[in-house]
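Enquirer: The structure that follows is given in the form of structure tokens.
All of the numbers you see were taken from the coordinates with simple rules; none came from a lab. What you are looking at is a predicted structure, and each value in this text was computed from that prediction instead of being measured. Neighbour counts run over all protein chains shown; Cβ positions are idealised from the backbone, glycine included.
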Amino acid sequence: MELPEDPVLAVQTWFGILQDQISKQLKAKGEPVPDLNAVCVSDPINAVEFMFPHYFLLPMFTSMSAYRIRPTGPETCIFELWSLAPFAPGEEPPVPMEPTWLPYNSQEFPPIPRQDYSNIPIQQQGVHAEGFEFMRLAENVEGLISNYERIIDGYLGGVDAQKLAKAQHLLGGNFDGKIVDLGF
């Protein structure tokens with residue numbers, strides 16, 4: 001296919017063609033899918049959609065991954081990962097009735113989470129290393145981490161509910177964003 005020389009226009013054109021084909025082909029299979037190009041205009045989404053700091057969605061085309069992280073102690077957590085996708089009527093897979101428990105280094109995880117999880121033991125060693133006093137985040141691209149950790153601290157510290165709601169609204173779509181003043 002021919003794409004514009006301008007990289008920004010080329011990416012937009014490519015995604016437009018891809019989304020059009022996904023919509024048409026899935027509709028032809030009977031899947032309940034909207035016109036993805038129309039949805040991008042009427043209801044744009046972010047690369048990461050946070051419901052709360054410990055629950056977020058990674059939407060892509062007609063499906064998404066859902067993540068929920070629940071701390072169980074200072075060094076451990078339950079890290080839930082779901083694959084969410086519509087299916088044509090009659091082609092739905094069986095509903096899982098029990099979770100599948102896997103160790104962080106399981107080869108059964110998809111490639112990206114497996115890569116992310118492989119860093120965990122190395123990071124834990126680093127934060128426990130002799131001489132490690134504090135962690136500094138990149139002010140302009142790691143705001144997501146600092147901002148949401150401060151919201152969690154606000155909930156735990158009893159910050160006024162209206163201030164917390166305002167801070168969460170401020171952070172909508174703050175993926176790779178700046179560290180911001182949350183007002184508390």
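Enquirer: Extending each Cα 7 Å along its Cβ direction at V39 and V180, get the distance between those two points in nm, one decimal.
Expert: Inter-label distance under the simple model: 2.5 nm.
Enquirer: Output the 0 to 90 degree angle, nearest 10, between the alpha-carbon long axis of helix 161-170 and the longest principal axis computed from the alpha carbons of the chain.
Expert: Approximately 50 degrees, to the nearest ten.
Enquirer: If the cut-off is a Cα-Cα distance under 28 Å, which lysines reach K178, setting aside same-chain residues fewer than 8 apart in sequence?
Expert: K163, K166
Enquirer: Please compute the modelled spin-label separation between F87 and R114, points set 7 Å along Cα→Cβ, answer in nm with one decimal.
Expert: So the two model labels end up 2.4 nm from each other.
Enquirer: A further question follows. Sort out for me the Cα centre separation of the stretch 87-155 from the stretch 1-74, rounded to whole Å.
Expert: After rounding, the separation between the Cα centres reads 21 Å.
Enquirer: What net charge is computed for the residues neighbouring V48, neighbours being all others with C-beta under 14 Å from the C-beta of V48, Lys and Arg scored +1, Asp and Glu -1?
Expert: Numbers: positive: R68; negative: E49, D116, E142, D176.
The answer is -3.
Enquirer: Report the longest stretch of the chain that contains none of the GluC sites (Glu not before Pro) sitting in a DSSP loop with at most 11 other Cβ atoms within 10 Å.
Expert: Numbers: sites that count: E2, E5, E75, E91, E108, E130, E133, E139.
The longest such stretch corresponds to 6-74.
Enquirer: Restricting attention to the stretch 29-91, which chymotrypsin sites (Phe, Trp or Tyr not before Pro) occupy a DSSP loop and are surrounded by at most 15 other Cβ atoms within 10 Å? Can you show the working numbers first?
Expert: Details: sites: F50, Y55, F56, F61, Y67, F79, W82, F87; in loops: F61, F87.
Of the chymotrypsin sites (Phe, Trp or Tyr not before Pro), the ones in loops of the stretch 29-91 whose Cβ has at most 15 other Cβ atoms within 10 Å are F61, F87.
Enquirer: Could you state the angle between the C-alpha long axis of helix 143-157 and the longest principal axis of the C-alpha atoms of the chain, as a value from 0 to 90 degrees rounded to the nearest 10?
Expert: Between the helix axis and the principal axis of the chain, the angle is about 60 degrees.
Enquirer: Okay, next question. Using a basic spin-label model with each label point 7 Å from the Cα along Cα→Cβ, how many nm lie between K166 and R68?
Expert: 3.0
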